[in-house]
Each structure stands twice: as C-alpha cells, then as structure tokens.
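We did not get these values from a lab; they are worked out from the coordinates using the rules stated. Since this is a predicted model, take the numbers as computed values, not measurements. Here the Cβ positions follow ideal geometry from the backbone for every residue, glycine too, while neighbour counts run over all protein chains shown.
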Amino acid sequence: MSYWLYGLSGYWYIARKDELNSNTLNKRLDGFQDGTVFEDFYNLYLFDKDIRLRLF
C-alpha cells in the first residue's frame, strides 16, 4: 500500500502549500491547498496511465 501512495506523490506535489519567503525558491509544506481532494490526484494518475499505455 505504501508503494502505491508513493507512486501518487508526484501527482499531489502541485497541490501542496508553498512557504512564502524572499528567496526565489519556495519550500513545499506538508499541508495541501484548500479544496484539494484525493480523487483529483487519483483521476490524474489514471489519465496519465491511460495516455502512457496508448503511446507505447
């Protein structure tokens, strides 16, 4: 189960909160932006998987 969640982590990275600082590089926090739901990431994963299967 943990391997499966690790595989999804790249899809939910974009929804993680940013730490605002004066540097040009912002740090991603562990929390998620408001309105984020797990189903969005899972659907994005399924879409990506489908595209990869069709291309190869």
Taking amide H positions as placed 1.01 Å from N in the peptide plane, with prolines and chain starts having none, which residues 5 or more places from F32, or on another chain, fall under 5 Å of its amide H?
K17
Which of the peptides 33-44, 8-19 is most tightly packed, and how do the rest follow, judged by the mean count of other Cβ atoms within 10 Å per residue?
8-19, 33-44
Show me, for the range 14-19, the HN-Hα J-couplings you get by feeding each phi into the Karplus relation (A = 6.51, B = -1.76, C = 1.60, θ = phi - 60°), rounded to Hz, glycine and proline as x.
5, 9, 6, 5, 9, 8
